[in-house]
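Undergrad: Dumping the structure here so I can ask a few things about it.
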Ligand SMILES: Cc1ncc(C[n+]2csc(CCOP(=O)(O)OP(=O)(O)O)c2C)c(N)n1
Ligand SMILES: [Mg+2]
C-alpha cells in the first residue's frame, strides 16, 4: 500500500484511538489538514496555538487519556511552548505535532522556520524531528507510548513538509520496543514491607497524595488504604479529587494556601506517606522543618522525584496504582489493632485544629469571591468539572469547591499559567460533552486567552466562565499588600473590558452580579443557559487568600483570616 | 560546596543527533557542573559513550544520575568513582622551545614518556597521556619554560575487570 506522510499520520492517529485534535493550520501543514478533513477525526479550530495545547491538556485530564494538537511551523510552533511547559510541569500526556519547513531547507533560516525541537527540549518529556517519511509511523507510535506511560508528559513531533507529502510503501510498525525507556511500575516488595511495618506502628500518620495518584488512576486504591488504616489525607493542588473532599478523613489541601489542619498535621505526624508527589516548594515551604517529626515514605514512578528536595526514609519506585493495590493486599492480613481507640487522640487533635482555624471569610456588603465558589459548589452539587485560571481565583476554587472524584479539577499547578482555564475547559467539554464544565477565572487571567470564546461559540460548547472580578491581578496585589507595604504597582487592572458585552460580542451570553443577593440568581441563570456563558461577579477588591504561608517559611507559620 | 568531590560518569547513549544537547541542556538547566565531557561512538555504531566528569556532593550526584537515566536516549549510566577504574586524558602542549631549553624539554619528554609530535622554529608540540596527576605534573614543570597553548581531551575512563 502506498501512502503519503500525511495519510500515515492520520492512520496512526486512528490506531492510537484519537477522536479529537486541537489545532490551527498554516503553510507546511496544509497537506495534513487536507487528509484530516477526509477522516472522521474531529478538529477543533482554536484561536491561538497556546489555547490548542491547554485544550489538549484539559481534554487529557478530563478523560485520563492523551490530548493531541496540530499546528504549523515557526510562529505556530512557538505559540505552543507555554502550553507544553504547563503540561510538562503537571505531567500531562499531550502529543503536539508541529509542521516544519522541508528537510532541505532546515538550517537555512527559511520562512517560518524555528528549531522547535531545540526550543522545547527542556519542557517536553521527549521530542522528535522526523527526517523521512519512513520513520514517521513508528515515531508517532513511540510518541504516544512515551507520552502516556511512566510519568506521563508532553511529546512533540516535528514533521517537515516534504515528509508529509512524500509517498512511500507503507509498512505497519511493530510494537514499540525501546531499549532506553522502561519505566518501573511494580514496586519492590521489600520496600513495601517496610511501609507496612511503619503503618503498623504509626500513631499519627498522614497520607499526602498528589497528581500522580490521579494520573495513575489510583484514587480508589488510595481511598481504600486511608479508610482501612484510618489515615487522614491531604493532597497537593494537583491531587485534589484523589480522595473525597467530603470524607471525614479529609484534611484539605496542604502548603502555601493549605488548610490549618493539614499543615499542622504534616508538622506533627509521625508517619508521612507521600504518594505521587514531587515536594514542590509551594507545598513544603522551608524544607528543613517540613514533616520533621515523621518517617517519610515516598512512592513515585519517577526516581528523580525521590530525595530531590526532601530526605526520605523509605523510597518506593513504582506506579501509584500498582503500589497501592499491592500495599492494600499486604495490609489485609495485618492486624492494626483497635483503630477506633488507637486513632482517637490523633483525629481529635486534628478536629481541634479544624475547629479553631477552619477555612473562613467574613461576609460583607460586597460579594466575597469565596461565597461565589461556595454557591457554585452547592448549586452544582460538587459534580461540575472545574478548570481554573491562576491567582486568587485558583486558590479559592481549590479551597471552597470540594472534589469527591478525580479528573474533576483541572488547573495549571506547576507552571501556574494565566490563560489556562478557558481553553482547558473547552478541552474538557469536548471530552465530556454531557458534563457541566466551569472555568473559575480572574479578570486578569481570562483576558490572556479570551479569544477562545470564539472557539466555544463556534463548536457550541456550553462552557461556563465564572469571573471573580476584583479589578486586580489579585494574587500579586495580595503579596504587595502583605509584603510590600501595599505598594500596588501595576496590579490594578484599569480599563478592563465589559465582560458582559464581550460575551455578547462573541455570540455568547453575558451576566453580571454586583451584590451578594444577586449571586445565586446569576449562577442559576448562567448554569442553566445553553451555550457558553460568561458570568461576571464584581467581588471585593482587596480580599486575600488565607491561610497563607509566606514563601520559604515553615508551613506552620500561617497568616490566618 | 561541602565535599564537592570529583565524580566520573560513564554514560552509554544512542548515537543520534541532539543527544549531546539533551545531556548538556540537563546540566545547564539544573545548574549541575561539567568539568569535562568526551563523546565518541563505541564498537556498536548505534551507541556512543559519554565520559563526563562533574564536581558535586553525593546527593547531587545521585540526582544527576537519575536525571540522566530519565533522558529517553540514555541507555545506561555508570558511576566509575568509588570503584576500580582506569582513567586517561591526553593533552597537547605547545611549549616555547628556545635553544637553551630544548635539551631540558626533551629530557622531560623522556622522563614522562610522552612524545614530541610537532617541531616548529620556536616551539615543540608535546603529546602527553595519563591521569590527572601526571598531566598536572608536566604542565607545572613546563610552565616556567613557557607554554603557548594547550588542548586537553577531557577524561575517558573504563571499569577495571577483575584480575
Ligand atoms: C502568564 C502569567 N503571567 C504572569 C503571572 C503572574 N501572576 C500570578 S497570579 C497573577 C494575577 C492574576 O490575576 P487575576 O487573573 O485577576 O486573578 P486573581 O488573583 O485576581 O484572582 C499574576 C499576574 C502568571 N501566573 N502567569
Ligand atoms: Mg483579578
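Read the figures in this text as sums done on the coordinates, not as results from a lab. The shown structure was predicted, so the numbers you read here are calculated from the model rather than taken from an experiment. When we count neighbours, we look across all protein chains shown, and the Cβ atoms used for this are built from the backbone with ideal geometry, even at glycine.
Undergrad: Rounded to the nearest 0.05, what FRET efficiency is calculated for residue A:529 and residue A:227 with R0 set to 51 Å and r the Cβ-Cβ distance?
TA: Calculated transfer efficiency: 0.80.
Undergrad: For residue B:106 and residue B:43, compute 0.36 nm times the residue count separating them, minus their Cα-Cα distance, and round to one decimal in nm. Present the calculation step by step, with values, prior to reporting the outcome.
TA: Numbers: separation 63, 0.36 × 63 = 22.68 nm, distance 3.65 nm.
Using 0.36 nm per residue and subtracting the Cα-Cα distance, I get 19.0 nm.
Undergrad: Highest first, please rank the peptides B:145-158, A:545-558 by the mean number of other Cβ atoms sitting within 10 Å of their residues.
TA: A:545-558, B:145-158
Undergrad: Using only the Cα atoms of segment A:189-354, build the gyration tensor, take square roots of its eigenvalues as a ≥ b ≥ c, and label the shape rounded, prolate or oblate: rounded if a/c is under 1.5, else prolate if a/b is larger than b/c, else oblate.
TA: rounded
Undergrad: For the protein assembly as shown, what is the convex hull (Cα atoms) projected area averaged across all directions, in square nanometres?
TA: Seen from a random direction, the Cα hull of the protein assembly as shown projects 38.8 nm² on average.
Undergrad: Also: Under a GNM of chain B (C-alpha, springs under 10 Å), which listed residue has the highest mean-square fluctuation: B:81, B:54, B:43?
TA: Judging by the Gaussian network model, the answer is B:43.
Undergrad: Could you list B:129, B:42 in order of exposure, starting from the residue whose Cβ has the fewest other Cβ atoms within 10 Å? Before the final figure, lay out each step's value.
TA: Working: B:129 15, B:42 12.
Exposure proxy ranking, most exposed first: B:42, B:129.
Undergrad: To make sure I understand, if each residue's beta carbon is the centre and we count other beta carbons within 10 Å, what order do A:144, A:272 fall in, fewest to most?
TA: With the fewest neighbours first, A:144, A:272 line up as A:144, A:272.
Undergrad: Another question about this same structure. How far is helix B:132-142 tilted off the main Cα axis of chain B, in degrees rounded to 10, range 0 to 90?
TA: Tilt of helix B:132-142: around 30 degrees.
Undergrad: If you restrict to DSSP beta bridges whose two residues both lie in the protein assembly as shown, what percentage is antiparallel, to the nearest 5? Let's see the in-between values first.
TA: On the way: 48 of 113 bridges.
The answer is about 40 percent antiparallel.
Undergrad: With angles folded into 0 to 90 degrees, how steeply does helix B:19-29 sit against the dominant principal axis of chain B? Use alpha carbons for both and round to 10.
TA: Helix B:19-29 sits roughly 90 degrees off the main axis of chain B.
Undergrad: Follow-up. With label points built 7 Å along Cα→Cβ from the Cα atoms of residue B:98 and residue A:488, find their separation and express it in nm.
TA: Label at residue B:98, label at residue A:488, 7.6 nm between them.
Undergrad: Also: Mean residue ellipticity at 222 nm from the helices of chain A, using -39,500 (n - 2.57) per DSSP H segment of n ≥ 4 over the full residue count, to the nearest 500 deg cm²/dmol? Before the final figure, lay out each step's value.
TA: Working: 22 runs with 214 residues, N = 561.
Value at 222 nm, helices only, nearest 500: -11000 deg cm²/dmol.
Undergrad: Turning to a different aspect of this structure: Using alpha-carbon positions, what is the distance between the centroids of segment A:121-140 and segment B:34-82, in Å?
TA: One Cα centre to the other: 23 Å.
Undergrad: Report, as an integer, the average count of C-beta atoms from other chains found within 10 Å of each Cβ along B:64-77.
TA: 4
Undergrad: Per-residue Cβ counts within 10 Å, from other chains only, averaged over A:126-138: what number is that?
TA: The per-residue average across the peptide is 1.
Undergrad: Other chains' Cβ within 10 Å of A:300-307 residues: what's the mean?
TA: 3
Undergrad: Here's a follow-up. Given the rule -39500 (n - 2.57) for each run of at least 4 DSSP H residues, summed and divided by the residues of chain B, what is its mean residue ellipticity at 222 nm, to the nearest 500 deg cm²/dmol?
TA: About -9000 deg cm²/dmol.
Undergrad: Which of rounded, prolate or oblate describes segment A:106-151 when judged by the alpha-carbon gyration tensor and an a/c cut-off of 1.5?
TA: oblate
Undergrad: Let me ask something else about it. Residue B:160 to residue B:5: FRET efficiency via 1/(1 + (r/R0)^6), r the Cβ-Cβ distance, R0 30 Å, to the nearest 0.05? Present the calculation step by step, with values, prior to reporting the outcome.
TA: Working: r = 20 Å, r/R0 = 0.66.
Once the sixth-power term is evaluated, E becomes 0.95.
Undergrad: May I ask for the percentage of alpha-carbon pairs in segment B:23-163 that lie more than 18 Å from each other?
TA: Summing the P(r) of segment B:23-163 above 18 Å gives 63 percent of all pairs.
Undergrad: Shifting gears a bit: Can you give the angle from 0 to 90° between the axis of helix B:99-111 and the longest principal axis of chain B, with both taken from C-alpha atoms, to the nearest 10?
TA: Value to nearest ten degrees: 50.
Undergrad: Something else: Can you compute the FRET efficiency between residue A:458 and residue B:113 using 1/(1 + (r/R0)^6), with r the Cβ-Cβ distance and R0 = 60 Å? Round to the nearest 0.05.
TA: It comes to 0.20.
Undergrad: On to the next question. So, by mean Cβ neighbours within 10 angstrom, what's the order for A:306-316, B:133-143, A:534-544 with the highest one leading?
TA: Packing order, densest peptide first, comes out as A:534-544, A:306-316, B:133-143.
Undergrad: Roughly how many nanometres apart are two label points built 7 Å out from the Cα toward the Cβ at residue A:381 and residue A:434?
TA: Here the modelled spin labels are 1.4 nm apart.
Undergrad: Also, I was wondering about something else. Comparing B:13, B:117, B:74, which has the greatest mean-square fluctuation in the GNM of chain B with Cα pairs linked when under 10 Å apart?
TA: B:117
Undergrad: Then there's this: Once a ≥ b ≥ c are taken as the square roots of the eigenvalues of the Cα gyration tensor of segment A:333-433, is the result rounded (a/c under 1.5), prolate (a/b larger than b/c) or oblate (a/b not larger than b/c)?
TA: oblate
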